[in-house]
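Read the figures in this text as sums done on the coordinates, not as results from a lab. The model shown is predicted, which means the values in this text are computed figures rather than measured ones. Using ideal geometry, Cβ is built from the backbone for each residue, glycine included, and neighbour counts are taken over all protein chains shown.
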Amino acid sequence: MNKGIAILLAAAAGAAIAAPAAAQDSEFSGPWVAGVAGYDINKAGSSQDDDINEDRDESVEGLMYGAAVGYDIDLGTMVVGAEAELTDSKADTDYDSNFNTFGLGAVDAGRDIYVGARAGFKATPSTLIYGKAGYTNARFNYVGGDGTTNYNQNLDTDGWRVGAGVEQKFGAMTFGKIEYRYSNYKKGEIDFEATGIADSDRFDIDTDRHQVVASVGIRF
């Protein structure tokens, strides 16, 4: 066989093998799982913010971590999908004389359940810029007392979340994400499940949550 023809055939075969792999590397389709970690800041909402006393600590801050799952559909230049996330948080308060309730009372942040959707566009074949929105149910560990007995109950809150992020594919299956998320909680109830007492009536709250998180995951 002519040497030039052999080289052309080898190049064509290599291109045929590489093309499906390249197409797969540029797709954001199918189910995925990811680990999540970042910084969690919980603050008083606009109706609870104490602007008079600037020395009061109106936030609880700390590390958050957990896992997320989702499913995406690649529409070409656009990607849409659904996702769910379960995280926990180390954010807690400084229990000192300057502590302010920020609308909830003395609390430590606990588990957070999120269910929502996202949509975005491909900035490059392997880079997705997206926005997200959905429902979040956050639990705070309520700490209080009557001067004699200390109580530790769960405070369950309902709210909504919006956010934006960038996802970068590292290959056919692996990816990383960086996100900013804002959540607001308007309703809460004290959970007395551990003591066998019925939960409290739902009451109004106003709490803001800001998170900056990173994720690393696998797409199947």
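Just a few scattered comments:
- Estimated from the Cβ-Cβ distance and a Förster radius of 25 angstrom, the FRET efficiency linking Lys187 and Ala84 is about 0.75.
- Among Ser183, Ser89, Ser59, the ranking by other beta carbons within 10 Å of each residue's beta carbon, starting with the fewest, stands as Ser59, Ser183, Ser89.
- Counting only lysines at least 8 places from Lys177 when in the same chain, those with an alpha carbon closer than 20 Å to its own are Lys122, Lys132, Lys169.
- Note on Ile113 and Ser59: the model spin-label points, each 7 Å out from Cα along the C-beta direction, lie 2.8 nm apart.
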